[in-house]
Amino acid sequence: RDPQVLDDTATLLQAIAKDDQSTIATVFNWGNHPEVLADVNNRISSDFAHSLRSTLENGLDGTEGRPTLAGLGGTAIYLQGTVGGLMTPLGIDVLDFAGNSTKRRSFHATQIMGEKLGKIGLEALASSDAETIEQADLTLRVKRLDVPIYNTQFHVALLFNLFDRAIHNYDPTALITAGDDSTPMNLPHARTEVNRITLRPLALLTVPGEMFPELAVVDSLKAPYPYTPAGQPIVGEDNVNPPDLNAAPAGPYLRELTLGARHTMVVGLGNDELGYLVPAYDFKVDPNTPYFEEAPGDHYEETNSTGPAVTGLVMDALRGMERWLP
């Protein structure tokens, strides 16, 4: 979805036992939907996350063009990053280790993608750039907030008890309304939270949904658009309802909210799933049947969002926690 922005940073954390130097756990944080198998798969699967974890734990055996890499042992965990906007392997060709295209939406493509990500992780942790710390202070900050639910699809789901979730700040005997100058707001509110965890020199920021990458990556919407793929316009010429880049979100961005830390994990779907966290400059709904139908252009994510207020509330909460720090 325009604008073409990618958060291409993978951040790894390896916990090593002091007594025998064995790996306790390895965390791999990166932003992409594990959906190589797409909607043709009707099996329960963790998609590329399975072979990613397996590769980190067990390594690669050198067959069929794979390098020979020792695994780390322990337990590997895939921790989701910024996946809004829409970060997905759908529509791309996954090349195997010999450079051949794999069949799309196949378990083979899923396996290869996870193995390649695992290779990146193993090589990163083995490099001289990996930072080792013997001890570190651990801090945890939590901010709870109530998010208004504007999405009319979600109103229907709540009225029919399709969501098993408590709602707040809402009179169920009165008309659901966003309110105006003469009518008070009566929207269901979802109670959620954001966290800021520091294990110096690492900071983890949780976001309760699928965050768009331009809210995390510093200056991604400033020319020359450093995170847009080479040769690809940041906004397509055929976009009939394009974002207004002049109103694009300003900082501080999520990767800047890490005072005292040198590495950042942005944890998507952290503690909650409120749908897509669409930035306000490109939040557009269909004027006739909002949320039930997409607005013209590429605006699917709004139909699976609580509404235009959630992203600003989440960003304000995380920025506020940064100001609490000593």
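The sole residue among 237, 273 that is assigned to a loop (DSSP other than H, G, I, E, B) and in contact with an Asp or Glu (Cβ under 9 Å, 6 or more places away or on another chain) is 273. If the condition is being under 20 Å from residue 254 (Cα atoms) and without any contact (Cβ under 8 Å) to a residue 12 or more places away in the chain, then region 294-326 contributes 316, 323, 326. Among the residues of region 261-291, those that are open to solvent by 10 Å² or more (accessible area, probe 1.4 Å), over 17 Å from residue 145 (Cβ atoms) and within 17 Å of the chain's Cα centre (by Cα) comprise 263, 264, 276. Can you pull out every residue in region 105-117 that is of a type outside the set (Lys, Arg) and buried (at least 17 other Cβ atoms within 10 Å of the Cβ)? Passing the criteria: 107, 109, 110, 111, 112, 113, 114, 115, 117. Across region 50-70, a minimum of one residue is classified as open to solvent by less than 50 Å² (accessible area, probe 1.4 Å), of a type in the set (D, E, K, R) and assigned to a loop (DSSP other than H, G, I, E, B).
Could you check, for region 198-213, whether at least one of its residues is assigned to a loop (DSSP other than H, G, I, E, B), modelled with pLDDT of 90 or more, within 27 Å of residue 285 (Cα to Cα) and open to solvent by 60 Å² or more (accessible area, probe 1.4 Å)? Looking for residues that are assigned to a loop (DSSP other than H, G, I, E, B), modelled with pLDDT of 90 or more, within 27 Å of residue 285 (Cα to Cα) and open to solvent by 60 Å² or more (accessible area, probe 1.4 Å), one finds none in region 198-213, hence no. Summed over region 24-40, the residues that are in a loop (DSSP other than H, G, I, E, B) and either free of Cβ contacts under 8 Å to residues at least 60 places away in the same chain or open to solvent by 40 Å² or more (accessible area, probe 1.4 Å) (or both) give a count of 4. Do we find that residue 170 is open to solvent by 30 Å² or more (accessible area, probe 1.4 Å), within 30 Å of residue 28 (Cα to Cα) and more than 18 Å from the chain's Cα centre (by Cα) in this structure? So residue 170 does not fit the description; no. Residues that are among the basic types (Lys, Arg), modelled with pLDDT of 95 or more and buried (at least 20 other Cβ atoms within 10 Å of the Cβ) are absent from region 82-104. Of the residues making up region 123-167, just one is aromatic (Phe, Trp, Tyr), open to solvent by 80 Å² or more (accessible area, probe 1.4 Å) and within 27 Å of residue 312 (Cα to Cα), namely 163. Taking region 176-192 as the search range and keeping residues that are open to solvent by 40 Å² or more (accessible area, probe 1.4 Å) and assigned to a loop (DSSP other than H, G, I, E, B), which one is nearest to residue 158 (Cα to Cα)? Only one residue fits best here, namely 176. Report yes if residue 135 is part of a helix (DSSP H, G or I) and of a type in the set (S, T, N, Q), otherwise no. So residue 135 fails the test. Picking from residues in region 243-260 that are open to solvent by less than 20 Å² (accessible area, probe 1.4 Å) and not hydroxyl-bearing (Ser, Thr, Tyr), the one that is nearest to residue 140 (Cα to Cα) is 257.
Looking at region 225-232, can you tell me whether even one residue there is within 18 Å of the chain's Cα centre (by Cα), closer than 30 Å to residue 141 by Cβ and surrounded by 21 or more Cβ atoms within 10 Å (Cβ to Cβ)? No, region 225-232 has no match at all. Filtering region 292-313 for residues that are over 14 Å from the mean Cα position of the chain (by Cα), part of a loop (DSSP other than H, G, I, E, B) and buried (at least 21 other Cβ atoms within 10 Å of the Cβ) leaves a non-empty set. Comparison of 16, 44, 120 shows that the only residue that is within 30 Å of residue 197 (Cβ to Cβ), open to solvent by 60 Å² or more (accessible area, probe 1.4 Å) and touching a strand residue (DSSP E or B) at 6+ places or on another chain (Cβ under 7 Å) is 16.
The values are calculated or read from the model by the stated rules, or taken from the named source; none is laboratory data. Predicted model only: the values in this text are computed from it and were never measured. So basically every Cβ, Gly included, is an ideal-geometry build from the backbone, and we count neighbours across all protein chains shown. Ligands, DNA and RNA are excluded from the accessible area calculation, which covers all protein heavy atoms including side chains. Shrake-Rupley method; radii C 1.70, N 1.55, O 1.52, S 1.80 Å.
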